Amino acid sequence: MNKALLQVEHLSIEFRGRAGTSYAVTDVSFAINAGETLGIVGESGSGKSVTCSALMGLLPKPPAYIPPQAHAFFNGQDLLSMREKELAKLRGNRISMIFQDPMTSLNPCISIGDQVAEPLVIHQGMAWKEAREHAVEELARVGIPEPHKRAKAYPHEFSGGMRQRVMIAMALITRPQLLIADEPTTALDVTVQKQVLDLLQARQQELGTAIILITHDLGVVRQYAHRIQVMYAGSILESAPAEELLQHPRHAYTRALLASIPTPAAKGHKLQTIPGLPPTLRAPVCGCTFRERNKIGRPELCLTGSVPELIEIAPSHFVRNCPGCLG
């Protein structure tokens, strides 16, 4: 078996402030191989984005605190114990990230071409003239029309879909080994959403890049992810190869998410939702975090005094062993 490109072990994240401590992520472990797409799904606040921000070294410390037993090995180097100067050499070079909102992620005062070219200047020491030529080529690869002309334009002159293509070009111009795509299709219409995801998939096949695709939409990862892990209240509730998880979901939360995907239904048919809100995580997790919202399983059987263990119930299919949630 090939060694994983990224191996995350026992990652926990706390935010410590005057009002107390929030336990945002609890004991998360996962791996991703070169050329693979890992889909991380869950509602807002489940810990998806903060997990990947920790890997990139983007969490301010304080208030963020990561216990010393947590590790994230990228090509054998522990990202969580690296000094900022060392991590900066990887970030935007060997590891890239696409953020949720391209309008706020792009600098409105710098031309598109210079923003796409900048990683080559910073990380590879390339001269600006040569870097700008590469930027134009990369803009062409991601489907920007008239790239020579549009490279001189500014972010406000681009539509949402075009700005997202620019973000993809900027993230991939250094040929990274790992790309973290954090809700890359937020606020895009369905047609543009598919174009962006198809583009990511095509560039992945060309470059062999591993992709972590963060989303709340199981319908998106259904088509693009090789493996899916479902997060809720800062922990992984279920993880399996995509086809296995979608055909045989075992945890009540996973089944509730799948039931919430809109489908062409008869007029008057009620859309499925998950009632209630996720826990605030102001105290360490004790018991099943989904018990209060569990309407699919048997909440009276959910564990209350101990955290359900993550067990393997089928080859490469892991789920929290909570009697009230297993189906």
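The values are calculated or read from the model by the stated rules, or taken from the named source; none is laboratory data. This structure is a prediction, so every number in the text was calculated from the model and none was measured. Please note: Cβ atoms are built from the backbone with ideal geometry, for glycine as well, and neighbour counts cover all protein chains shown. Remember, those area values only see protein heavy atoms, side chains included, never the ligands or the DNA or RNA. Shrake-Rupley method; radii C 1.70, N 1.55, O 1.52, S 1.80 Å.
Checking the structure you have, find out if any residue of the range 166-183 is part of a helix (DSSP H, G or I), of a type in the set (D, E) and buried (at least 19 other Cβ atoms within 10 Å of the Cβ). Among the residues of the range 166-183, not one is part of a helix (DSSP H, G or I), of a type in the set (D, E) and buried (at least 19 other Cβ atoms within 10 Å of the Cβ), which makes the answer no. In the set (1) in contact with a Leu (Cβ under 6 Å, 6 or more places away or on another chain); (2) over 30 Å from S12 (Cα atoms), L79 fails one condition alone, (2). Here T280 meets each of (1) at pLDDT below 95; (2) under 19 Å from S22 (Cβ atoms); (3) surrounded by 16 or more Cβ atoms within 10 Å (Cβ to Cβ) with one exception, condition (3).
If the condition is being surrounded by 17 or more Cβ atoms within 10 Å (Cβ to Cβ) and under 17 Å from I212 (Cβ atoms), then the range 8-28 contributes V8, L11, I13, V25, V28. Residue count for the range 131-141 satisfying the condition of being more than 17 Å from R165 (Cα to Cα) and open to solvent by less than 90 Å² (accessible area, probe 1.4 Å): 1.
Does L257 meet the test of being farther than 22 Å from I180 by Cβ and out of contact with any His (no Cβ under 6 Å at 6 or more places or on another chain)? Against the criterion (farther than 22 Å from I180 by Cβ and out of contact with any His (no Cβ under 6 Å at 6 or more places or on another chain)), L257 does not qualify. Of all residues in the range 291-312, those being outside any loop (DSSP other than H, G, I, E, B), open to solvent by less than 60 Å² (accessible area, probe 1.4 Å) and hydrophobic (A, V, I, L, M, F, W, C) number 1.
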